[in-house]
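Presented below is the structure to which this report refers.
The values are calculated or read from the model by the stated rules, or taken from the named source; none is laboratory data. All values reported here derive from a predicted model rather than from experimental measurement. Here the Cβ is made from the backbone with ideal geometry for all residues, glycine too, and neighbour counts use every protein chain on show. Just so you know, the surface numbers come from the protein's heavy atoms only, side chains and all, with ligands and any DNA or RNA stripped out. Shrake-Rupley method; radii C 1.70, N 1.55, O 1.52, S 1.80 Å.
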Amino acid sequence: MKLCRGLGCIGLAWVASASAATWQGTVFNDANGNGRRDAGEAGVADVAVSNGVAVVRTDAAGRYTLEGEGDGFLFVVKPRNWTVPLDAQNLPRFYRKIGDLADPGRVVDPALPSFDFPLVAGNEPDRFRTIVFADTQVGSEKEVGYFQRTIIDGLVSEVAPTRRGGREVANPGRVVDPALPLGNIALGITLGDVVNDKPELYDALNAAIARIGVPWYPLIGNHDLDLGALQDRGSAATFEAKYGPSTHAFQYGPVLFVALNNIRYQGGLRYLGGLTDGQFGFIQQLLAGTPRETLVVVMMHIPWFYNDPANNETFRLADRARLFGLLEGRPNLLLLSGHSHYQRHVFYGAAEGWKGAQPLHEYNVAAVSGGFWGGPPDANGIPIATQWDGTPHGYAIVSFDGTKVPVMDYRAARLAPDDQIGLWGPAVVALKQSFVSFYANVYNGHEGWKIEGRVDDRAFNPMRKVVDWDPAYAAQYLAQDAGPNPAPTPRLPDPLVNYHLWRAYLPADLAAGSHTIEVRATDPAGKIYSAKRTVQIR
């Protein structure tokens with residue numbers, strides 16, 4: 001069927017999606033991996049199956065029956081130590097489009113079609129890594145090329161040597177140190193805005209990501225919507241035709257990943273963050289069958305905090321409260337989001353309505369496209385794409401180890417893995433000048449980091465966390481207008497406040513000559529990063 005985003009095609013994709021119905025089928029052990037249930041291939045018990053609203057579990061023979069109103073798909077929640085089929089682009093095929101009739105000879109009730117799901121047995125460790133992209137947001141073939149050269153080429157060269165034939169080479173020592181090669185990569189995630197309103201680029205982007213060689217789970221973003229859809233329900237039709245249901249879940253190792261479409265389309269170019277009643281039902285029923293101690297990672301595009309100090313509404317506050325209510329009894333949680341094109345860690349507490357015993361952590365991941373693939377070109381002709389908080393564009397690596405707090409590392413696209421600090425200070429300062437600041441933009445920093453600064457060999461002292469513009473990025477932004485001609489590439493976006501910025505002052509007693517400013521940053525896992533620059537006192 002031809003994919004399109006106009007009014008004429010969206011309704012066709014949803015003809016059979018909104019009526020109450022009964023579905024049935026079998027989840028089975030696909031021992032030979034051919035995707036069909038052959039003689040002797042047993043059913044798999046206690047596997048969750050959903051239509052995006054209701055959740056049921058298979059019986060001892062792997063059978064299920066599901067009744068209710070669905071959102072156009074049936075899908076299996078991949079359990080631990082099982083894999084689902086992958087297509088040629090490493091996209092998991094864990095779902096069936098309602099309306100497809102398959103295997104009519106194998107049904108519980110001959111009057112109903114059978115929706116069967118193959119699983120292949122595997123072995124999933126407690127310790128593994130996940131690559132997390134946010135907002136790849138390519139809008140042209142040229143930008144797909146930028147993405148490949150700045151992100152994919154480096155990942156392929158780093159990840160590929162640790163894999164053979166799609167299987168991991170055992171190397172558990174590579175799990176937690178971001179300076180070491182990326183072993184134990186189990187899967188990848190894109191937190192929405194896969195493209196920039198250009199669905200015709202899905203295939204080119206998927207092909208690029210497939211080179212990494214791991215299963216990849218894209219989420220929907222506001223730039224993946226069908227603009228012009230008649231209602232919210234139909235706004236994900238093109239995305240779902242390519243990737244399957246935009247709300248679903250899967251398990252890898254000891255972790256349950258829950259993918260939510262939290263974009264409520266308002267018509268035209270308008271949208272708001274939120275969830276539907278059906279999604280809340282799905283979450284509630286899914287968690288009811290999940291042990292309390294399980295680490296649950298909830299993923300979505302739009303973050304659950306307001307994007308700027310003015311607290312402009314970007315999501316429905318009542319929906320956040322309702323989600324928090326479903327999660328608050330669980331001790332092991334992590335939220336992942338994108339959308340903002342900056343990087344930020346938020347820890348929710350009582351002031352935000354979170355009633356859990358520990359703060360709820362949301363990691364809002366920096367965008368792969370950074371400043372929308374804009375800014376002055378580097379030596380290779382690729383825009384620097386710095387984000388509006390001064391963070392270089394890049395991606396995250398999340399390392400899991402059972403139910404322990406995951407280790408979240410940031411990889412700036414064109415920097416070394418341990419280059420984690422943007423240090424700004426004046427180049428020249430007058431002798432005995434007071435209150436002259438230097439700043440450290442610690443790209444992945446938050447209140448749990450320890451940030452210290454010093455000059456020369458003096459003692460390190462704590463730096464003060466501030467919410468302000470990154471002066472280095474402000475200088476980059478203003479430099480775009482320093483010459484007589486406009487920039488040859490799209491402009492860097494306007495500066496916004498930075499939530500991982502620290503400040504200290506130069507000592508006023510420095511002697512004339514050259515001095516070294518040094519910043520030391522220690523992350524919650526104890527990893528130390530540093531940066532230096534020179535200042536002249538005259």
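Summary of values
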{"quantity": "Boolean, residue 41 is over 25 Å from residue 253 (Cβ atoms) and either of a type in the set (Asp, Glu) or surrounded by 20 or more Cβ atoms within 10 Å (Cβ to Cβ) (or both)", "calculated": "no"}
{"quantity": "Looking only at the stretch 389-401, and only at residues there that are under 15 Å from residue 339 (Cα atoms) and touching a Phe, Trp or Tyr at 6+ places or on another chain (Cβ under 8 Å), the one that is surrounded by the most Cβ atoms within 10 Å (Cβ to Cβ)", "calculated": "391"}
{"quantity": "Residue match in the stretch 430-438 (condition: of a type outside the set (S, T, N, Q) and closer than 27 Å to residue 371 by Cβ)", "calculated": "yes"}
{"quantity": "Subset of the stretch 381-401 [touching a helix residue (DSSP H, G or I) at 6+ places or on another chain (Cβ under 9 Å) and either of a type in the set (D, E, K, R) or more than 18 Å from residue 441 (Cβ to Cβ) (or both)]", "calculated": "382, 383, 389"}
{"quantity": "Selection from the stretch 402-424 of residues that are in contact with a helix residue (DSSP H, G or I) (Cβ under 7 Å, 6 or more places away or on another chain) and either open to solvent by 60 Å² or more (accessible area, probe 1.4 Å) or of a type in the set (Val, Ile, Thr) (or both)", "calculated": "414, 424"}
{"quantity": "Test: residue in the stretch 426-442 that is under 30 Å from residue 298 (Cα atoms) and crowded, with 16+ Cβ neighbours inside 10 Å", "calculated": "yes"}
{"quantity": "Residue in the stretch 436-450 that is more than 26 Å from the chain's Cα centre (by Cα) and within 23 Å of residue 346 (Cα to Cα) present", "calculated": "yes"}
{"quantity": "Pair list, Cβ < 6 Å and 6+ apart or interchain, from the stretch 18-45 residues that are part of a loop (DSSP other than H, G, I, E, B) to residues that are modelled with pLDDT of 95 or more and among the polar types (S, T, N, Q)", "calculated": "41/29; 42/29; 44/29; 45/58"}
{"quantity": "Within the stretch 122-144, considering residues that are touching a strand residue (DSSP E or B) at 6+ places or on another chain (Cβ under 8 Å) and hydroxyl-bearing (Ser, Thr, Tyr), the one farthest from residue 381 (Cα to Cα)", "calculated": "130"}
{"quantity": "Number of the exception - residue 217 against (1) open to solvent by 20 Å² or more (accessible area, probe 1.4 Å); (2) at pLDDT 95 or above", "calculated": "(1)"}
{"quantity": "Every pair of residues 6+ apart whose Cβ atoms lie under 7 Å, when the first sits in the stretch 213-229 and is farther than 14 Å from residue 185 by Cα while the second is assigned to a helix (DSSP H, G or I) and small (Gly, Ala, Ser)", "calculated": "226/234; 226/237"}
{"quantity": "Failed item, numbered, when residue 304 is tested on (1) without any contact (Cβ under 8 Å) to a residue 40 or more places away in the chain; (2) buried (at least 21 other Cβ atoms within 10 Å of the Cβ)", "calculated": "(1)"}
{"quantity": "From the options 464, 491, 503, residue that is modelled with pLDDT under 95 and basic (Lys, Arg)", "calculated": "491"}
{"quantity": "Residue within the stretch 448-455 that is open to solvent by 50 Å² or more (accessible area, probe 1.4 Å) and in contact with a strand residue (DSSP E or B) (Cβ under 8 Å, 6 or more places away or on another chain) present", "calculated": "yes"}
{"quantity": "Residue in the stretch 122-132 that is farther than 19 Å from residue 253 by Cα and not basic (Lys, Arg) present", "calculated": "no"}
{"quantity": "Matching residues, the stretch 251-283, being in a helix (DSSP H, G or I) and without any contact (Cβ under 8 Å) to a residue 24 or more places away in the chain", "calculated": "277"}
{"quantity": "Residue within the stretch 513-534 that is in a loop (DSSP other than H, G, I, E, B), surrounded by 12 or more Cβ atoms within 10 Å (Cβ to Cβ) and over 26 Å from the mean Cα position of the chain (by Cα) present", "calculated": "no"}
{"quantity": "Meets criteria (out of contact with any helix residue (DSSP H, G or I) (no Cβ under 7 Å at 6 or more places or on another chain), in a strand (DSSP E or B) and of a type in the set (S, T, N, Q)) for residue 489", "calculated": "no"}
{"quantity": "Matching residues in the stretch 451-479 - criterion: being under 25 Å from the mean Cα position of the chain (by Cα) and closer than 18 Å to residue 420 by Cβ", "calculated": "470, 473"}
{"quantity": "Filter pass, residue 386 being over 21 Å from residue 465 (Cα atoms), β-branched (Val, Ile, Thr) and either part of a loop (DSSP other than H, G, I, E, B) or open to solvent by 50 Å² or more (accessible area, probe 1.4 Å) (or both)", "calculated": "yes"}
{"quantity": "Residues that are among the aliphatic types (A, V, I, L, M) and either part of a loop (DSSP other than H, G, I, E, B) or surrounded by fewer than 21 Cβ atoms within 10 Å (Cβ to Cβ) (or both), drawn from the stretch 222-250", "calculated": "225, 227, 229, 230, 236, 241"}
{"quantity": "Test set (1) modelled with pLDDT under 95; (2) closer than 30 Å to residue 293 by Cβ; (3) polar (S, T, N, Q) - residue 231 fails condition number", "calculated": "(2)"}
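Residues are listed down the side, and each one gets a yes or a no for (1) open to solvent by less than 20 Å² (accessible area, probe 1.4 Å); (2) touching a Gly at 6+ places or on another chain (Cβ under 8 Å); (3) assigned to a loop (DSSP other than H, G, I, E, B); (4) of a type outside the set (Val, Ile, Thr):
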site: 309; (1), (2), (3), (4): no, no, yes, yes
site: 320; (1), (2), (3), (4): no, yes, no, yes
site: 326; (1), (2), (3), (4): no, no, no, yes
site: 329; (1), (2), (3), (4): no, yes, yes, yes
site: 342; (1), (2), (3), (4): yes, no, yes, yes
site: 366; (1), (2), (3), (4): yes, yes, yes, yes
site: 369; (1), (2), (3), (4): yes, no, yes, yes
